[in-house]
Amino acid sequence: MTRLQRLYTVQRQRPWLDNLTRPYLRDGTLAAFVADGIRVVTAHPTISAKAVESSGYDAQFAVLTPQGYSLGDA
């Protein structure tokens, strides 16, 4: 049992990850965190906006917006 799992089991505390990123979803990092005992995941809106502005989302937007998707939906 990991320390995070014990924290939940013994103390009834729910460990949080407050930095969900696209790479965590794609490379298995989030799954590993959950397996280690993370119980809650959030993404701060300001951090998320900066990620969209500064990283690899342009390629996805370039594909989806010509198909009629709004930027919000893309």
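Readers should treat all values here as calculations from the given coordinates under stated rules, not as data from a laboratory. This one's a predicted model, so the numbers in the text were calculated from it and none came from an experiment. Here the Cβ is made from the backbone with ideal geometry for all residues, glycine too, and neighbour counts use every protein chain on show.
Highest mean first, what order results for 16-23, 42-49 on Cβ atoms within 10 Å? Show your work: numbers first, answer last.
Numbers: 16-23: 13.9, 42-49: 11.6.
So the order, starting with the most tightly packed, is 16-23, 42-49.
What ranking do 33-41, 4-12 get when scored by the average of other Cβ atoms within 10 Å per residue, highest first?
With the highest mean Cβ count within 10 Å placed first, the list reads 33-41, 4-12.
Sticking with the crude label model, points 7 Å out along Cα→Cβ, report the distance from Q13 to T42 in nm, one decimal please.
The answer from the label model is 1.6 nm.
Can you list the HN-Hα couplings for the stretch 66-74, worked out from phi with the Karplus curve (6.51, -1.76, 1.60; θ = phi - 60°), rounded to whole Hz and with x for Gly and Pro?
Per residue, the Karplus-derived 3J(HN,Hα) values read x, 7, x, 6, 6, 4, x, 6, 5 Hz.
Give me the dipole magnitude in Debye, nearest 20, for the chain about the Cα centre, with unit charges on the beta carbon: positive for Lys and Arg, negative for Asp and Glu.
Value, rounded to 20: 520 debye.
In whole Hz, what ³J(HN,Hα) sequence does the stretch 37-47 give by Karplus (6.51, -1.76, 1.60; θ = phi - 60°), x for Gly and Pro?
Each residue's phi maps through the Karplus curve to give x, 5, 10, 9, 10, 10, 9, 5, x, 5, 5 Hz.
On full extension of the chain, what length is gained from V52 through L25, given 0.36 nm per residue of separation minus the C-alpha to C-alpha distance?
8.2 nm
Taking amide H positions as placed 1.01 Å from N in the peptide plane, with prolines and chain starts having none, which residues 5 or more places from V41, or on another chain, fall under 5 Å of its amide H?
L17
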